[in-house]
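Below you'll find the structure, written out as structure tokens, and then a few comments.
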Protein chains: 2
Amino acid sequence: MIDCNEAIARLDWSREPQGLYAPIAYALSSGGKRLRMQLALTACRLVGGNEQDALPFAQAIEVFHNFTLLHDDVMDRADVRRGMPTVHVKWNDNTAILSGDQMLIEAYHLLEGVPQQHLPLLLKLFTRTATEICEGQQYDVDFEQRQDVQIADYIEMIRLKTSVLLAAALKGGAIIGGGSEKQQQALYNFGIHLGLAFQIQDDLLDCFGDPQTFGKAIGGDISCNKKTYLLLTALDNADNDQRAELRGWLAHTMASTQKIEAMKQLFVATGARSAAEHAIAEHTQQALQCLLTLPDNEHRRLLEQLAHKLAQRQK
Amino acid sequence: MIDCNEAIARLDWSREPQGLYAPIAYALSSGGKRLRMQLALTACRLVGGNEQDALPFAQAIEVFHNFTLLHDDVMDRADVRRGMPTVHVKWNDNTAILSGDQMLIEAYHLLEGVPQQHLPLLLKLFTRTATEICEGQQYDVDFEQRQDVQIADYIEMIRLKTSVLLAAALKGGAIIGGGSEKQQQALYNFGIHLGLAFQIQDDLLDCFGDPQTFGKAIGGDISCNKKTYLLLTALDNADNDQRAELRGWLAHTMASTQKIEAMKQLFVATGARSAAEHAIAEHTQQALQCLLTLPDNEHRRLLEQLAHKLAQRQK
């Protein structure tokens with residue numbers, strides 16, 4: 001089986017100009033789960049394909065994902081990623097912009113290596129997905145200013161920002177593995193629900209996670225009034241008193257442990273926390289449902305385990 | 001014949017989220033010469049093809065070019081482009097980054113529309129060219145800090161930053177038009193020399209242009225000590241006194257008309273100005289030479305006229 005971290009480390013960034021390529025090597029060196037790459041390779045094997053055929057596509061997806069992180073970190077002014085200074089901190093904003101652009105181009109360069117008969121379809125899938133992710137990022141930015149965001153808007157935003165890349169990784173792997181259109185679509189849908197469960201779990205952990213295991217400070221979303229699944233549900237479910245209390249804390253723009261604690265209690269009292277837990281369980285179930293028509297092999301069981309693990313993860 | 005401005009204006013950016021797409025529409029609305037698009041269409045016709053077949057490729061090249069301008073303007077903190085506020089001024093840096101990313105993705109989206117038998121080759125050409133342009137931009141940045149830049153380094157930098165896109169536009173048009181590999185290569189080489197002549201002419205106009213016709217302030221490159229063809233040649237050609245004088249002015253980091261005038265005189269006295277004029281004439285001749293093996297038709301004459309016009313342009 002392909003070792004994803006090793007396959008990413010094998011990409012060569014030693015060429016000139018190093019001012020362009022060293023930040024790319026750095027951004028790709030910090031590890032991470034390589035989840036999207038794993039999904040592409042697993043989907044290929046699941047439908048009976050040879051995972052080596054899916055490697056360039058899987059690498060393209062992984063490089064693309066890390067490109068989005070690089071540019072997102074500039075836009076969010078995030079200083080740390082996976083315990084390391086971000087590229088715009090270690091170098092500067094211009095480097096992060098230009099090396100990020102080059103990473104996106106490198107992702108397309110890797111796509112040149114896909115089995116040629118699948119190139120047109122994979123190119124379309126890749127580009128449509130990249131577009132959706134930019135749209136999701138823009139909606140996320142827009143939501144900061146909007147006061148009328150509904151839960152359905154939020155779900156659509158995280159579908160675009162998070163789910164479609166997992167889904168496209170799986171579908172692309174299935175295409176390369178010779179899966180039927182039905183299988184491709186089933187895996188795509190599995191990825192969509194997996195992504196939604198993953199993102200709502202992320203919202204939950206940011207608020208109710210164990211600071212020891214979560215790895216970052218708890219309550220970051222609360223401090224910046226981020227319109228998460230929890231906050232939007234709390235605002236929806238709140239009675240008049242609770243809504244007034246929520247609005248009061250939202251007007252507190254200073255970060256404080258007092259605000260974090262009060263909001264957490266409101267998320268519990270309004271039922272937002274249990275709604276989020278329910279939504280995660282629901283999307284995990286729907287994800288597993290998508291797998292039922294697929295070959296019942298060890299690769300499918302890997303995806304099933306992954307869905308269970310993501311729903312229960314503590315970090 | 002296809003009207004390039006009209007063909008770019010026809011691209012539809014009215015979809016949501018407008019926060020992502022309105023800046024793209026804006027960046028593409030300010031006109032410009034659409035030179036790269038013209039080159040692609042002309043090359044297609046020149047080798048006997050139907051220019052309609054080359055339209056998606058030509059649009060992809062033009063959208064890509066405007067993506068590079070958008071991100072370059074952020075990195076250079078340029079406030080105005082073609083008489084209009086730049087995207088990061090009219091909106092903000094984050095918008096310029098994200099909408100720029102999306103423009104690059106849109107360029108690849110347009111590539112999906114090329115004649116399918118040429119897709120693998122055009123995709124490779126496009127991606128290699130995009131990589132070279134990022135490398136050229138990085139070299140340009142690196143040169144600001146380096147004190148050992150040679151004229152050959154500078155030529156290589158502008159080949160990457162400016163020439164390869166003109167060359168790729170021409171070669172792609174020739175591929176789509178059914179031109180032979182020799183014809184494709186001849187047109188590519190024409191583009192390389194055209195780009196070099198164009199860029200050195202740009203250096204010359206920035207320094208010796210007529211402020212009335214040039215459209216921007218004269219001496220911008222001198223004020224920021226930009227290592228242009230003129231400055232590098234002047235440093236190469238200078239005698240000891242002239243070199244001391246050049247170094248003295250380079251140490252003046254304050255912009256002043258006195259510095260601009262003194263440097264201009266040194267560029268004349270060291271022969272840098274005439275060397276630049278000679279280099280432009282030389283690359284224009286070499287460009288024209290590349291055309292000699294191609295069909296002697298009206299489209300070739302259009303390229304010949306273009307080469308003459310660029311060499312003599314005053315803005």
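A few points about this structure:
- The numbered conditions (1) closer than 12 Å to B:T42 by Cβ; (2) assigned to a helix (DSSP H, G or I) are all true for B:H283 except (1).
- Boolean, B:G32 is away from chain A (no Cβ under 11 Å), part of a loop (DSSP other than H, G, I, E, B) and within 28 Å of B:Q138 (Cβ to Cβ): yes
- Taken over segment B:224-244, residues that are in a helix (DSSP H, G or I) and buried (at least 18 other Cβ atoms within 10 Å of the Cβ) amount to 7.
Matching residues to (1) more than 10 Å from chain B (Cβ to nearest Cβ); (2) in a helix (DSSP H, G or I); (3) closer than 28 Å to B:K161 by Cα:
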residue	(1), (2), (3)
A:A60	yes, yes, yes
A:M75	no, yes, yes
A:A96	no, yes, yes
A:E106	no, yes, yes
A:H109	no, yes, yes
A:L119	no, yes, no
A:Y139	no, yes, no
A:D148	yes, no, no
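- Only residues that are among the polar types (S, T, N, Q) and either closer than 15 Å to A:A186 by Cα or touching a Pro at 6+ places or on another chain (Cβ under 7 Å) (or both) were counted in segment A:35-54, giving 1.
- Here segment B:210-244 is the region considered, the condition is being within 20 Å of the chain's Cα centre (by Cα) and among the small types (G, A, S), and the residue that is farthest from B:D148 (Cα to Cα) is B:G215.
- A:T95 vs. criteria of a type in the set (V, I, T) and under 20 Å from the mean Cα position of the chain (by Cα): no
- Residue check for A:P85: away from chain B (no Cβ under 14 Å), over 23 Å from A:I2 (Cα atoms) and either modelled with pLDDT of 95 or more or in contact with a Gly (Cβ under 7 Å, 6 or more places away or on another chain) (or both): yes
- There is no residue in segment A:50-64 that is modelled with pLDDT under 95 and farther than 21 Å from B:A130 by Cα.
- Residue in segment B:265-273 that is hydroxyl-bearing (S, T, Y) and assigned to a helix (DSSP H, G or I) present: no
- Test: residue in segment A:16-26 that is polar (S, T, N, Q), free of Cβ contacts under 8 Å to residues at least 60 places away in the same chain and either on the phi > 0 side of the Ramachandran plot or within 14 Å of chain B (Cβ to nearest Cβ) (or both): yes
- Looking at B:K90, B:K124, B:K171, just one residue is more than 10 Å from chain A (Cβ to nearest Cβ) and within 22 Å of B:F190 (Cα to Cα), and that residue is B:K171.
- Total residues in segment B:257-279, condition surrounded by fewer than 22 Cβ atoms within 10 Å (Cβ to Cβ) and farther than 18 Å from B:N240 by Cα: 11
- Residue check for B:L187: touching a Gly at 6+ places or on another chain (Cβ under 9 Å), outside the structural domain of B:L69 (by TED's automatic domain parsing) and in a helix (DSSP H, G or I): yes
- Residue-level analysis places B:E144 outside the set of residues that are without any contact (Cβ under 8 Å) to a residue 24 or more places away in the chain, farther than 28 Å from B:L125 by Cβ, among the acidic types (D, E) and assigned to a helix (DSSP H, G or I).
- Qualifying positions in segment A:77-92 - assigned to a strand (DSSP E or B) and either under 18 Å from the mean Cα position of the chain (by Cα) or under 18 Å from B:L104 (Cβ atoms) (or both): A:V80, A:R81
The values are calculated or read from the model by the stated rules, or taken from the named source; none is laboratory data. These figures come from a predicted structure and were not determined experimentally. Cβ sites come from the backbone with ideal geometry, for glycine too, and all protein chains shown count toward neighbours.
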